[in-house]
Amino acid sequence: MYYSIFSGITTNPQLMMIPIDDHLVHRGDGVFEVFQMLDGRVHLFDAHLNRLVRSANAIELDLRHNHNEIIDICRQLINSCGLRNALFRLYASRGPDEFTPNPYD
C-alpha cells in the first residue's frame, strides 16, 4: 500500500488503513479506479489512469501527484508486491478532516 500521509509504501497490514476521519470514509468524497495486472502487466493502465484523473477533475479533487508520479508509484507498488497477477485499487480523497456537517471544511 502506498500511503500518502507518509509518502511511502508499506507492506505491514497493520498500517494499511484509511483514517476514519478521511473524507473518503465519512463523506464518500473521493474517486477510485481498479487496475488488473496479468503476467506482470497492467491491463489498459493509461485508460484507467486517465479515467481516474477525469473523475478527480469532475469533483475538483487535487490528486497531489502528476501523471508520471502516479505511474512511478504504481510501478513501485507492483514491484513491492511480488505478484504477477493481481487487482489493485487506487483511491484518492481529500484526506482527513473534521467531522463537521459542512462538506467544505
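List of remarks:
- Angle of helix 67-81 to the longest C-alpha principal axis of the chain, folded into 0 to 90 degrees and rounded to 10: 60°.
- Principal semi-axes in Å for segment 1-47 [√(5λ), Cα gyration tensor, largest first]: 24, 17, 9
- Dipole magnitude of the chain about its Cα centre (Cβ charges: Lys, Arg +1; Asp, Glu -1), debye to nearest 20: 480 debye
- The relative contact order of the chain comes to 40 percent, based on Cα pairs under 8 Å that sit 6 or more residues apart.
- Shape descriptor for the chain: Rg over Rh equals 0.97 (Cα atoms; Rh from the Kirkwood inverse mean 1/r).
- Two-site FRET efficiency, residue 67 against residue 98, from Cβ-Cβ distance with R₀ of 25 Å, rounded to 0.05: 0.20
- Between the helical axis of 45-58 and the longest alpha-carbon principal axis of the chain there is an angle of about 10 degrees.
- Theoretical ellipticity at 222 nm over the chain - DSSP helices of four or more residues, -39500 (n - 2.57) apiece, nearest 500: -9500 deg cm²/dmol
- Distance-filtered residues of segment 63-97 - backbone nitrogen under 18 Å, label point 7 angstrom along residue 44 Cα→Cβ: 86-91
All of the numbers you see were taken from the coordinates with simple rules; none came from a lab. Treat the numbers as computed from the prediction; the structure is a model and nothing was measured. Ideal geometry is used to build each Cβ from the backbone, glycine not excepted, and the neighbour counts take in all protein chains shown.
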